[in-house]
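For reference, the structure is listed below as structure tokens.
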Amino acid sequence: VRACPSIRVMEGLSAHELAIENGRAAGVFARPAHAATAPQPLLFKARAVVLASGGVGQLFAVTTNPREARGEGVAMAARAGAVIADPEFVQFHPTAIASTRDPAPLVTEALRGEGAILVNKAGQRFMTAIHEDAELGPRDIVARAIFREIASGRGAFLDARAALGTRFADAFPTVYENCRSLGIDPAREPIPVAPAAHYHMGGILVDARGRSTVEGLWACGEVASTGMHGANRLASNSLLEAIVFGARIAADIDGSVPEGRAGHDIAPPVIGSASSPDTPFVDQLRKIMASHVGVERDGSGLAHALTEIARLERAAGPASLFRNIATTAKLIAASAYAREESRGGHYRTDFTEPRAPWRHRTFVTLKEANRIAEAAIAALPAAQKEETQVSA
Ligand SMILES: Cc1cc2nc3c(=O)[nH]c(=O)nc-3n(C[C@H](O)[C@H](O)[C@H](O)COP(=O)(O)OP(=O)(O)OC[C@H]3O[C@@H](n4cnc5c(N)ncnc54)[C@H](O)[C@@H]3O)c2cc1C
């Protein structure tokens, strides 16, 4: 990328809002990502905007995703009126190393492919009773089994002693190094594991050319929802999708973007004028998402999450950058609340099976998500409900 003369890389900036001109994306507003002070947002005008901001893992307390994967691209598009697809479908990887490290180091599935087994504290192998493929069952099933062992206090560990033993360091050097840095010797002891938010099947709805529903806006990679991954991505398909759609988007922009300079009539940004630290709000949000919008969900927990998201949004204030993060969290929680069934990465303990009326994708705007959130909060019993009002 750096060697390409037509590409100018600008680092250290964080985009927070799309610039919209006459209903068309005409650039982005951004600001220094780690500025101690609060400079005014910078406007980058563009005739075509491609969002490629990655996933949403950092909205959850435990994730394999890097710090920047905060779902801001989804929120920026949603706030500009874009349709968001399948936001409730978040894939949880079954085996991250259970530690306080953020992001949580991944323990690759290939270890289970080599014969490593999942056991609890008592040394009992629990997957054989749950799925015919045992440890090699689908990600959501293994993730739920581990989640339940941990929730019941029995704990979950990946035991590679018999399968790999002293071969571990040579066969899986990255996992080995991560374990050693956390004081675990995986050749001699089981690795404590926990599910972690890993991949977002949902995102900005795009067509086969990568176009979103907002004119002038394309989306590529994990921030987009092409529908290719269904409700539960198969491992290793996301990079392939990003490469294919990256090329398609470049070709589409080449042939479709109008000549001439845009950006004469751009409205000022709604958020980003206050850059107060959002860390306390983000920390609270991540705990709420993990507790109520995580591996297992139910209607009352999701309604509670929506109440809490609204409370945090109000506390952070209308100009806060936190609003983007809260917006994406709300889209996920509201769509998970609405989908009264279990399918792929979305599992409801109050509707444990797939249901025919829900055999379709979710297409939702921010306005619709706000309506779902308001109804969910209104339906909560008074005792659980704080007086709340969902902000648009
Ligand atoms: C540990 C791990 C292992 C994986 N292994 C595989 C695998 O083997 N095969 C596979 O297919 N997939 C794998 N995945 C998934 C895959 O890596 C991701 O889906 C993919 O990297 C996403 O690419 P992307 O370009 O969409 O986003 P990213 O690679 O996450 O890039 C997004 C970029 O946008 C920037 N950004 C974010 N927000 C903003 C903002 N507001 N303003 C400015 N910049 C912003 C980020 O800093 C980052 O540079 C793995 C994921 C993880 C976490």
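Among what's in region 33-62 and is in contact (Cβ under 8 Å) with a residue 40 or more places away in the chain and within 8 Å of the ligand (Cβ to nearest atom), pick the residue that is surrounded by the fewest Cβ atoms within 10 Å (Cβ to Cβ).
Restricting to residues being in contact (Cβ under 8 Å) with a residue 40 or more places away in the chain and within 8 Å of the ligand (Cβ to nearest atom), the top hit is A52.
Considering only region 177-199, I want to know if a residue exists there that is touching a Lys or Arg at 6+ places or on another chain (Cβ under 6 Å) and either under 22 Å from G81 (Cβ atoms) or aromatic (F, W, Y) (or both).
Within region 177-199, one or more residues are touching a Lys or Arg at 6+ places or on another chain (Cβ under 6 Å) and either under 22 Å from G81 (Cβ atoms) or aromatic (F, W, Y) (or both).
Here is a list of conditions, (1) assigned by TED's automatic domain parsing to the domain that holds E72; (2) at pLDDT 95 or above, and N237 meets all of them except one; can you say which number that is?
That leaves (2) as the condition not met.
If I go through region 130-156 residue by residue, how many of them are over 19 Å from R348 (Cβ atoms) and touching a helix residue (DSSP H, G or I) at 6+ places or on another chain (Cβ under 9 Å)?
Matching residues across region 130-156 total 9.
If you check K287 against the conditions, is it surrounded by fewer than 18 Cβ atoms within 10 Å (Cβ to Cβ) and touching a residue at least 24 places away in the same chain (Cβ under 8 Å)?
When the stated conditions are applied, K287 passes them.
Considering region 344-365 alone, what residues qualify as being crowded, with 21+ Cβ neighbours inside 10 Å and within 21 Å of A224 (Cα to Cα)?
G345, H346, T362, V364
Determine whether T108 is touching a Phe, Trp or Tyr at 6+ places or on another chain (Cβ under 8 Å) and either in the same structural domain as L205 (by TED's automatic domain parsing) or surrounded by fewer than 19 Cβ atoms within 10 Å (Cβ to Cβ) (or both).
The answer is yes for T108.
Assess whether I253 counts as being at pLDDT 90 or above, surrounded by fewer than 21 Cβ atoms within 10 Å (Cβ to Cβ) and either assigned to a helix (DSSP H, G or I) or within 12 Å of the ligand (Cβ to nearest atom) (or both).
Answer is yes for this residue.
The values are calculated or read from the model by the stated rules, or taken from the named source; none is laboratory data. Source: prediction; values computed, not measured. Don't worry about glycine lacking a Cβ; one is built from the backbone with ideal geometry, like all the others, and counts go over all protein chains shown.
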